[in-house]
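Right, one structure below, let's go through it.
Bear in mind that the values in this text are calculations on the coordinates, not laboratory data. Since the structure is predicted, the reported quantities are computational estimates derived from the model, not experimental observations. Virtual Cβ from ideal backbone geometry, glycine too; neighbours counted across all protein chains shown.
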């Protein structure tokens with residue numbers, strides 16, 4: 001008879017949890033998220049949306065137009081513009097140079113040509129203006145042209161950076177004429193663009209023309225003393241052409257986020273626990289360091305842009321990943337898998353809400 005001490009004990013297999021997420025499962029989720037983000041950005045770039053408006057930029061007054069229309073008929077100055085060139089376009093700072101040919105068609109017996117030539121283009125530094133080029137059809141029919149070269153600094157709205165579109169407004173005002181002396185008339189057909197104009201990274205979609213008056217109150221207590229200066233706006237819509245700006249902003253953030261998620265594939269046991277924590281902290285640090293890179297290519301604004309919201313969102317996600325990894329073996333593989341799915345879903349939803357491709 002075999003002694004009981006000689007009988008081997010039956011080993012009961014213990015079920016262990018690796019506390020990891022399958023790498024291939026993560027790869028599939030990353031591909032899905034990347035595809036969804038790419039589709040959202042693609043459809044966003046297909047539509048035009050600018051937050052620069054004619055009224056806020058030019059102070060065209062509906063009240064002034066109504067007031068002047070009730071007065072006696074005044075001489076009319078037809079005007080238009082030929083845009084010869086737009087160069088040194090800096091969308092981040094709203095600066096560029098423009099070469100324009102501005103023309104005026106009027107009756108010199110009713111309006112002095114010298115007064116007509118004293119127009120100004122708002123928010124522009126005038127580098128050069130030619131002498132008046134006069135074309136005389138009859139003694140009562142003049143066309144006066146001026147070649148002007150300008151440096152512009154316009155207040156662009158960057159709330160949708162890096163998928164922002166913009167509107168350029170050439171605002172022409174004559175402070176030597178008022179509503180009793182003349183009024184401007186123009187239309188889109190009087191705006192001509194040189195077909196050779198090339199703005200790197202942008203394309204001109206459409207043009208627009210608007211006339212009105214700049215209301216200049218002399219006294220709050222005496223509204224009848226208000227002066228109305230004739231004003232015109234020649235507008236051009238600029239749409240982003242290409243995805244370089246978007247990719248250089250969004251892609252590194254996605255890569256850092258995906259790298260942080262891959263720490264879920266490392267089993268946080270023994271020395272690997274410290275490796276997981278180190279990789280998670282490194283992802284947070286990489287995100288913060290990349291913020292300084294974004295600042296160098298982003299416009300200086302006092303409000304948040306889309307790129308700011310995206311950065312803050314990924315910073316929160318990487319901090320969540322760091323917190324989950326600090327739990328070590330206290331969180332199971334299944335729970336990590338669920339969290340991975342939720343983080344990817346949150347990324348797609350946030351991108352959709354920020355970029356709004358359905359508008």
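For the peptides 321-330, 169-178, residues were scored by their other Cβ atoms within 10 Å and the scores averaged per peptide; the highest-first order is 169-178, 321-330. Note on the chain: helix-only mean residue ellipticity at 222 nm, from DSSP H runs of 4+ residues weighted -39500 (n - 2.57) and normalised by residue number, equals -12000 deg cm²/dmol. Summarised as an ellipsoid, the stretch 143-187 has semi-axes of 31, 14, 11 Å, derived from the eigenvalues of the Cα gyration tensor scaled by 5 and square-rooted, with the largest first. Note: the chain, Cα convex hull, 178 Å³ per residue.
Report the paramagnetic label zone for residue 25: residues of the stretch 257-298 whose backbone N is under 16 Å from a point 7 Å from Cα along the Cα-to-Cβ axis. Of the residues in the stretch 257-298, 261-268 have backbone N under 16 Å from the label point off residue 25.
Expressed to the nearest 5 percent, the antiparallel share of DSSP beta bridges inside the stretch 54-240 is 90 percent.
I need the calculated FRET efficiency for the pair residue 76 and residue 133, taking r as the beta carbon distance and R₀ as 22 Å, to the nearest 0.05.
Efficiency, from the Cβ-Cβ distance: 0.60.
Multiplying the residue separation of residue 293 and residue 319 by 0.36 nm and subtracting their alpha-carbon distance yields 7.3 nm. Taking the 0 to 90 degree range and rounding to the nearest ten, how far is the long axis of helix 244-261 tilted relative to the main principal axis of the chain, both from C-alpha atoms? Approximately 20 degrees, to the nearest 10. Dividing the convex hull volume of the alpha carbon atoms of the stretch 54-240 by its residue count gives 130 Å³ per residue.
Could you work out the relative contact order of the chain, using alpha carbon pairs under 8 angstrom and six or more residues apart, expressed as a whole percent? It rounds to 23 percent for the chain. Taking the longest Cα principal axis of the chain as reference, the axis of helix 306-326 is set at about 10 degrees. Across the stretch 54-240, C-alpha contacts under 8 Å between residues 6 or more apart give a mean separation that, scaled by the residue count, equals a relative contact order of 27 percent.
Neighbour counting of Cβ atoms within 10 Å sorts the residues 239, 78, 126, fewest neighbours leading, into 126, 78, 239.
How far is helix 23-46 tilted off the main Cα axis of the chain, in degrees rounded to 10, range 0 to 90? Roughly 10 degrees, rounded to the nearest 10.
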